[in-house]
1. Quick check on the stretch 196-231: of everything there that is more than 25 Å from the chain's Cα centre (by Cα) and touching a residue at least 12 places away in the same chain (Cβ under 8 Å), which residue is nearest to the ligand (Cβ to nearest atom)?
2. Where residues in the stretch 128-162 are more than 10 Å from the ligand (Cβ to nearest atom) and either among the hydroxyl-bearing types (Ser, Thr, Tyr) or at pLDDT below 95 (or both), which of them is farthest from MET175 (Cα to Cα)?
3. Taking the stated definitions as given, is PHE57 under 20 Å from MET175 (Cα atoms) and in contact with a His (Cβ under 9 Å, 6 or more places away or on another chain)?
4. Does any residue in the stretch 98-114 that is surrounded by 15 or more Cβ atoms within 10 Å (Cβ to Cβ) and among the small types (Gly, Ala, Ser) come within less than 6 Å, Cβ to Cβ, of a residue that is modelled with pLDDT of 95 or more and assigned to a helix (DSSP H, G or I) six or more places away or on a different chain, and which pairs are these?
5. Kindly indicate which of ILE182, ILE125, ILE165 is out of contact with any helix residue (DSSP H, G or I) (no Cβ under 7 Å at 6 or more places or on another chain) and either more than 16 Å from the ligand (Cβ to nearest atom) or assigned to a helix (DSSP H, G or I) (or both).
6. Among the residues in the stretch 171-194, are any in contact (Cβ under 8 Å) with a residue 40 or more places away in the chain, of a type in the set (Phe, Trp, Tyr) and out of contact with any Leu (no Cβ under 7 Å at 6 or more places or on another chain)?
7. Of the numbered conditions (1) touching a residue at least 12 places away in the same chain (Cβ under 8 Å); (2) within 28 Å of PRO221 (Cα to Cα), CYS76 fails exactly one; give the number of that condition.
Amino acid sequence: AMEGYRGFLGLLVSALLVGFLSVIFTLIWVLHYREGLGWDAREPEFNWHPVLVVTGFVFIQGIAIIVYRLPWTWKCSKLLMKGIHAGLNAVAAVLAIISLVAVFDFHNGKNIPNMYSLHSWVGLIAVILYMLQLLLGVSVFLLPLAPLSLRALLMPIHVYSGLLIFGTVIATALMGVTEKLIFSVKNPAYNTLPPEGVFTNTLGLLILVFGALIFWIVTRPQWKRPKEPNS
Ligand code: ASC
């Protein structure tokens, strides 16, 4: 059990480190290589999009997925842990919405078309599914309304769609990084491997590794919260 616990801690610390680094890399990208942050319907407003989406939709959602795995929370009530799981996901949802407002506002201010790229299609689908997942999760599992039979029926679907949405968000982030670099990195061009290209490709790798660590942690059966009878 001690071995398993140390393995868990090692992976948890790695995930937190890689996730935190992803957020820091995103900030350095927009503040150092790009135009900084602002709310002016120009590039600094767009730059909130990667910052908010990596912070909320990638990092906070990843943590929300594994909160039940933290062994020191196993003595906390299940209801409290559900509240934390839902609360973190709600924060991520709000940041995702603001990040979309930033993009649309920037596009409209500069007369750039909306919703033509694969990144935008998959990303919008992910945000819509995330909202539905949050609403369904709160109404079925958090509020004391649904019967146990309905909870038992929907739990495997909730787990499956949660991981599907998280994986989709990771894929969408990689598409977003790629299209932004192809749109924006000129003299020296992206295809000459300039520092911004190397740095931001590395950000993409960090996001992917964060997703891989969260996926590993959450799929270890031995690290699951012990199930109390009748819950
Ligand atoms: C819940 C909860 C669970 C599941 C279970 C049905 O609300 O806390 O562990 O639903 O009761 O599988």
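The values are calculated or read from the model by the stated rules, or taken from the named source; none is laboratory data. Because the structure is predicted, anything quoted here is derived from the model rather than measured. Positions of Cβ are backbone-derived with ideal geometry, glycine not excepted, and every protein chain shown enters the neighbour counts.
1. Taking the stretch 196-231 as the starting set, the residues that turn out to be more than 25 Å from the chain's Cα centre (by Cα) are 226-231.
In the following step, the residues that additionally are touching a residue at least 12 places away in the same chain (Cβ under 8 Å) were identified as 226, 228, 230-231.
Details: PRO226: 11, GLU228: 9, ASN230: 8, SER231: 5 Å.
The qualifying residue nearest to the ligand (Cβ to nearest atom) is SER231.
2. SER139
3. On the way: under 20 Å from MET175 (Cα atoms): yes; in contact with a His (Cβ under 9 Å, 6 or more places away or on another chain): no.
For PHE57, the condition - under 20 Å from MET175 (Cα atoms) and in contact with a His (Cβ under 9 Å, 6 or more places away or on another chain) - is not met.
4. If the second residue must be modelled with pLDDT of 95 or more and assigned to a helix (DSSP H, G or I), the pairs left are SER99/HIS49; SER99/LEU52; SER99/VAL53; ALA102/GLU45; ALA102/TRP48; ALA102/HIS49.
5. Values: ILE182 fails: out of contact with any helix residue (DSSP H, G or I) (no Cβ under 7 Å at 6 or more places or on another chain); ILE165 fails: out of contact with any helix residue (DSSP H, G or I) (no Cβ under 7 Å at 6 or more places or on another chain).
Testing whether each residue is out of contact with any helix residue (DSSP H, G or I) (no Cβ under 7 Å at 6 or more places or on another chain) and either more than 16 Å from the ligand (Cβ to nearest atom) or assigned to a helix (DSSP H, G or I) (or both) leaves just ILE125.
6. Scanning the stretch 171-194, I find no residue that is in contact (Cβ under 8 Å) with a residue 40 or more places away in the chain, of a type in the set (Phe, Trp, Tyr) and out of contact with any Leu (no Cβ under 7 Å at 6 or more places or on another chain), so the answer is no.
7. So CYS76 meets the others, but not (1).
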